[in-house]
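Novice: Before anything else, here's the structure in question.
The values are calculated or read from the model by the stated rules, or taken from the named source; none is laboratory data. Just so you know, these numbers come straight off a predicted model, no measurement behind them. Every residue, glycine as well, gets a Cβ built from its backbone with ideal geometry; the counts of neighbours run over all protein chains shown. Note: accessible area is taken over every heavy atom of the protein model, side chains too, but ligands, DNA and RNA are not part of it. Shrake-Rupley method; radii C 1.70, N 1.55, O 1.52, S 1.80 Å.
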Amino acid sequence: MDRIRIVGGSKLNGTIPISGAKNAALPLMIAGLLTDETLILDNVPRLADVAQLQRILGNHGVDIMSAGKRPGDHEYQGQTLHISAANIIDTTAPYELVSKMRASFWVIAPLLARMHEAKVSLPGGCAIGTRPVDLLIMALEKLGAELTIDGGYVIAKAPGGLKGADIDFAKVTVSGTHVALMAATLAKGTTVINNAACEPEIVDVADCLNKMGARISGAGTPTITIEGVAKLNGTRHTVLPDRIETGTYAMAVAMTGGDVQLSGARPELLQSALDVLVEAGATVTPNNDGIRISRNGAGIKPVNVSTAPFPGFPTDLQAQLMALMTTATGSSHITETIFENRFMHVQELARFGARIHLDGETATIDGTAKLRGAPVMATDLRASVSLVIAGLVAEGETMVNRIYHLDRGFERLEEKLSACGATIERISG
Ligand code: UD1
């Protein structure tokens with residue numbers, strides 16, 4: 001199994017190109033199931049989760065062509081996928097495939113909307129809490145689907161097609177909003193989603209669906225209205241930049257010190273995180289090419305932060321912020337409100353010498369002067385990258401094990417960091 005070796009102590013200086021957002025690319029690819037015409041997606045990141053979803057879609061009969069690099073293309077531009085679901089040969093998403101990536105459960109929505117049936121394995125346990133799908137099931141039932149659970153599968157049928165409805169989410173859910181949105185595009189009549197997630201990835205998917213002929217308004221607000229249409233067409237769409245990757249590298253620069261241009265980043269996608277970084281003592285300058293982040297001289301100031309749905313501080317940056325706060329000049333408090341048990345990184349950060357006390361949903365981090373390198377591993381994507389951030393300043397060598405979690409969500413992480421002066425390498429085997 002590959003590992004990443006880091007020798008801490010170097011400041012980061014240079015340019016890091018920001019990739020397309022994983023959390024938009026995945027639902028956009030799934031939206032390709034809604035039409036028999038070709039959906040072309042540009043700026044799709046080269047990630048293990050994208051490759052896994054290609055396998056899952058392939059199992060339904062979807063043809064996916066990945067365009068090679070063209071002359072003049074920058075290698076970080078991401079890949080272009082041509083997704084053609086002209087012939088859906090199978091409406092079952094089997095356990096072996098779905099269990100490897102939770103978001104693949106979302107195929108239930110377009111399959112039900114277009115084919116009027118789907119049999120999709122329940123995703124099963126997850127390292128960051130129980131992550132149920134009850135709200136997704138509620139939304140599909142509201143749209144008129146009949147759902148039963150048998151042998152670990154959700155079996156969904158809508159013989160006459162889905163029908164528009166009012167869907168009220170008791171809790172803000174990204175997955176629930178994606179599923180309701182996709183399903184409602186081909187439902188008969190009007191659907192109103194109340195308490196919808198406002199995440200930029202929802203807006204990106206809605207924009208793409210509208211280009212495909214859907215009639216969606218209000219995406220990015222808590223109330224989304226969808227007028228169902230009979231058919232969707234193909235289109236071409238560019239995946240928006242990854243705000244979590246952006247925030248992760250911004251935290252890394254705040255941690256090590258230095259000066260880095262995050263090329264292609266969009267500040268409005270992560271304003272709450274940028275505000276926290278400024279409070280912590282970093283200098284954040286939005287410019288024409290993205291965001292410039294630097295920290296020179298002054299120490300890192302402690303902050304108190306709670307995660308929240310967009311536009312609040314994202315849960316997907318919580319672990320990285322905690323790594324940053326381990327070297328702050330005082331005590332910080334970080335409260336996780338979205339997922340229970342999303343603190344697996346705490347024990348691993350302690351291996352660097354970090355002093356973190358957990359009390360329910362809140363972690364208190366006592367800034368410690370010096371982290372020391374250690375062998376570490378993590379069981380979740382964002383937790384893993386927090387260990388990389390800590391390793392960048394820790395004295396001596398850090399070995400991050402089980403890096404397949406990193407490969408799920410960070411494109412060429414070690415290349416991007418080493419280009420800015422970090423001592424970091426992948427060790428194969
Ligand atoms: C998505 C993101 C993930 C991010 C999360 C929150 C993708 C591929 N993943 O995950 O990176 O951390 O949003 O921003 O986009 N819930 C229920 N019942 C349900 C569905 C969700 O109780 O049926 C709960 C969850 O357990 C959690 C909360 O709602 O406590 C938010 O979950 P949700 O927004 O749906 O997260 P995901 O879409 O799974």
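Novice: Looking at region 245-263, which of its residues are within 30 Å of K211 (Cα to Cα) and either assigned to a strand (DSSP E or B) or over 17 Å from the mean Cα position of the chain (by Cα) (or both)?
Specialist: Result: L262, S263.
Novice: Looking for whichever is surrounded by fewer than 18 Cβ atoms within 10 Å (Cβ to Cβ) and touching a residue at least 60 places away in the same chain (Cβ under 8 Å) here; the options are R382, R402, R408. Which one fits?
Specialist: Going through R382, R402, R408 in turn, the sole match is R402.
Novice: Across region 330-346, what is the total count of residues that are modelled with pLDDT of 95 or more, open to solvent by 40 Å² or more (accessible area, probe 1.4 Å) and either under 24 Å from I403 (Cα atoms) or among the polar types (S, T, N, Q) (or both)?
Specialist: Count: 2.
Novice: Let me ask you something else. Those residues that are of a type in the set (V, I, T) and either within 16 Å of A109 (Cα to Cα) or under 19 Å from the mean Cα position of the chain (by Cα) (or both), I need them from region 154-191; list them, please.
Specialist: V154, I155, I167, V172, T173, V174, T177, V179, T185, T191
Novice: Does region 283-306 include one or more residues that are within 16 Å of the ligand (Cβ to nearest atom), in the same structural domain as S384 (by TED's automatic domain parsing) and not in a helix (DSSP H, G or I)?
Specialist: yes
Novice: Kindly list, by first and then second residue, each pair from a residue in region 174-193 that is more than 21 Å from L26 (Cα to Cα) and free of Cβ contacts under 8 Å to residues at least 24 places away in the same chain to a residue that is within 13 Å of the ligand (Cβ to nearest atom) and of a type in the set (S, T, Y), limited to pairs with Cβ atoms under 7 Å and residues at least 6 apart or on different chains.
Specialist: Short answer, once both residue conditions are applied: none.
Novice: Return the residues of region 193-212 that are under 20 Å from L41 (Cα atoms) and open to solvent by 30 Å² or more (accessible area, probe 1.4 Å); say none if nothing qualifies.
Specialist: Once the filter is applied, which keeps residues that are under 20 Å from L41 (Cα atoms) and open to solvent by 30 Å² or more (accessible area, probe 1.4 Å), region 193-212 yields V203, D207, N210, K211.
Novice: Continuing with this model, one more query. Hey, can you tell me all the residues within region 147-170 that are within 15 Å of the ligand (Cβ to nearest atom) and among the aromatic types (F, W, Y)?
Specialist: F169
Novice: Residue by residue through region 279-301, note down the ones that are closer than 15 Å to M251 by Cβ and aliphatic (A, V, I, L, M).
Specialist: A280, A282, V284, I291, I293, I300 - these are the residues of region 279-301 that are closer than 15 Å to M251 by Cβ and aliphatic (A, V, I, L, M).
Novice: So how many residues does region 307-323 have that are within 11 Å of V276 (Cα to Cα) and more than 11 Å from the ligand (Cβ to nearest atom)?
Specialist: Counting residues in region 307-323 that are within 11 Å of V276 (Cα to Cα) and more than 11 Å from the ligand (Cβ to nearest atom) gives 1.
Novice: Only one of (1) buried (at least 20 other Cβ atoms within 10 Å of the Cβ); (2) closer than 23 Å to A24 by Cβ; (3) in contact with a strand residue (DSSP E or B) (Cβ under 8 Å, 6 or more places away or on another chain); (4) not basic (K, R) is not met by S272, so which one is it?
Specialist: Result: S272 fails condition (1) only.
Novice: Here are some conditions: (1) among the aliphatic types (A, V, I, L, M); (2) open to solvent by less than 10 Å² (accessible area, probe 1.4 Å); (3) within 16 Å of the ligand (Cβ to nearest atom); (4) without any contact (Cβ under 8 Å) to a residue 60 or more places away in the chain. V239 meets all but one. Which one does it not meet?
Specialist: The failed condition is (4).
Novice: Then there's this: Only residues that are open to solvent by 50 Å² or more (accessible area, probe 1.4 Å) and either among the basic types (K, R) or within 25 Å of E336 (Cα to Cα) (or both): list them for region 287-308, please.
Specialist: Passing the criteria: R292, K301, N304, S306.
Novice: May I ask you to verify whether L413 is open to solvent by less than 10 Å² (accessible area, probe 1.4 Å), in contact with a strand residue (DSSP E or B) (Cβ under 6 Å, 6 or more places away or on another chain) and closer than 20 Å to T256 by Cβ?
Specialist: no
For (1) at negative phi; (2) within 11 Å of the ligand (Cβ to nearest atom), each residue gets a yes or a no:
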site: L135; (1), (2): yes, yes
site: V172; (1), (2): yes, yes
site: N195; (1), (2): no, no
site: M212; (1), (2): yes, no
site: P222; (1), (2): yes, no
